[in-house]
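Below is one structure, written out as structure tokens; the observations come after it.
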Amino acid sequence: MSVEFDPRLVRALRAARAVGVLTGAGISAESGIPTFRDAQTGLWARFRPEELATAEAFRRDPALVWDWYAWRRGLVAGAAPNAGHRALARLERLVPALVLVTQNVDGLHQRAGSANVVELHGNLHRSRCFAEGVVIAGDPGAGERPPRCPRCGAHLRPDVVWFGEALPAQALERAETAARACDVFFSIGTSGAVFPAAQLPLTARAAGATVVEINRDPTPLTGAASFSLLGPSGTILPALVDAAWPAT
Ligand code: BJW
């Protein structure tokens with residue numbers, strides 16, 4: 001599919017020394033992973049994700065929340081990175097420096113080949129003791145739901161960041177530094193509804209970066225972005241990288 005871009009955007013990207021990227025659930029939508037604020041389907045249609053992604057929900061019904069994450073782990077295991085993920089991995093190799101900050105917990109950027117990934121909201125493929133915070137790598141598999149911590153016997157929870165919980169301090173620091181230091185900042189497939197991630201494009205803009213939004217729909221950022229590209233990231237991102245580096 002041919003996509004036309006403003007030549008000023010193509011020039012800015014081509015000239016960028018440092019690129020910052022923030023991604024959200026929308027970039028994985030074309031891999032078949034549901035977003036948060038689109039309606040859920042099947043078994044989970046009667047739950048709002050915002051109500052499952054909390055420590056209160058886990059305390060109230062640990063098996064329900066664990067099963068939701070187990071279902072999502074299964075979806076991710078059967079999914080593959082899409083053209084949008086791959087275009088970002090390619091972009092990382094074309095510009096002098098790129099930091100990819102993701103709110104996603106699916107690991108698809110790393111599977112696409114991105115190396116400099118900052119995970120703001122954790123990762124679905126790790127668990128953590130709900131009592132003591134000890135992190136356990138890998139899929140704990142079938143058995144008791146949720147499984148028990150091998151050290152203290154408390155429930156294991158997914159090693160992700162729920163509402164009301166602090167983001168990993170080092171990841172947030174790296175993300176804020178990247179937003180302040182980049183020439184071009186992309187906000188891709190995120191509704192901009194959740195903070196502090198939603199602040200990053202505004203931080204980049206205030207520091208003088210060209211802010212580019214790529215989203216299927218307008219968001220609260222759209223009016224403040226230097227360029228807003230409406231459409232699927234799996235189509236727009238590869239076309240934009242091709243437009244800036246036609247021979248690669
Ligand atoms: C496409 C597409 C295609 C579709 N192509 N596009 C300031 C103001 C107000 C409130 C707050 C504030 N600061 C903090 C808060 C509170 C709260 C918050 O933000 N609340 C808001 C709801 C108002 N934030 C927090 O609680 C955070 N913690 C915190 O601030 O701690 C402070 C603290 C300090 C010290 C001690 C204690 C506390 C934590 C937030 C954690 C969010 N966690 C989740 C779950 C992660 C685990 C999991 O995956 O289950 O993160 S919630 C969920 O939302 C998930 C996502 O990462 C996050 C963002 O969602 P995202 O990615 O934007 O997805 P969607 O579905 O919203 O949007 C998809 C977009 O894609 C849409 O726009 C589509 O159009 C688009 N799209 N297909 C391109 N093909």
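Details
- Net length gained if the chain between D6 and T248 were fully extended (0.36 nm per residue, minus Cα distance): 85.1 nm
- Note that segment 45-127 presents 39 Å² accessible area per residue, ligands and nucleic acids not counted, probe 1.4 Å.
- The calculated FRET efficiency for A224 paired with R59, based on their beta-carbon distance and R0 = 45 Å, is about 0.75.
- Think of each Lys and Arg Cβ as +1 and each Asp and Glu Cβ as -1; about the Cα centre, that makes the dipole of segment 58-107 roughly 60 debye.
- Evaluating 6.51 cos²θ - 1.76 cosθ + 1.60 at θ = phi - 60° for every residue in segment 47-58, the Karplus couplings come out as 10, 8, x, 4, 8, 9, 8, 9, 5, 5, 4, 5 Hz, glycine and proline recorded as x.
- Per residue, in Å², the accessible surface of segment 151-248 once ligands and nucleic acids are set aside, probe 1.4 Å: 43
- Close amide H pairs (under 5 Å, H built 1.01 Å from N) link A97 with V19, residues at least 5 positions away or on another chain.
- Projected label points at E173 and A77, each 7 Å from Cα along the beta carbon direction, are separated by 3.6 nanometres.
- Assuming charge only on the beta carbon of Lys and Arg (+1) and of Asp and Glu (-1), the dipole of the chain about its Cα centre is about 300 debye to the nearest 20.
- Segment Q199-A97, length gained on full extension (0.36 nm per residue, minus Cα span): 34.6 nm
- Normalised alpha carbon radius of gyration of the chain [divisor 2.2 N^0.38 Å]: 1.03
- DSSP-defined antiparallel bridges as percent of all bridges, segment 26-158, nearest 5: 70
- Nonpolar atom fraction for the chain, defined as the carbon and sulfur part of the 1.4 Å probe accessible area, stands at 54 percent.
- Among A204, T235, P140 the positive-end extreme of the charge dipole of the chain (Cβ point charges): P140
- DSSP bridge analysis restricted to segment 134-248 gives an antiparallel fraction near 10%, rounded to the nearest 5.
- Packing, as the average of other Cβ atoms within 10 Å across residues, places the peptides 129-138, 88-97 in the order 88-97, 129-138, highest first.
- Where labels lie 7 Å past Cα in the beta-carbon direction, separation of E50 and H125 in nm: 3.1
- The chain: DSSP helices with Cα axial extent of at least 24 Å and average Kyte-Doolittle hydropathy no lower than -1.0: none
- Our note on the geometry: Cα centres of segment 103-152 and segment 1-73, 16 Å apart.
- DSSP bridge orientation in the chain - percent antiparallel, rounded to nearest 5: 30
The values are calculated or read from the model by the stated rules, or taken from the named source; none is laboratory data. Nothing here was measured: the structure is a model prediction, and the numbers come from that model. Cβ sites come from the backbone with ideal geometry, for glycine too, and all protein chains shown count toward neighbours. Each accessible area value is taken on the protein alone, full model and side chains, heavy atoms only, with ligands, DNA and RNA left out. Shrake-Rupley method; radii C 1.70, N 1.55, O 1.52, S 1.80 Å.
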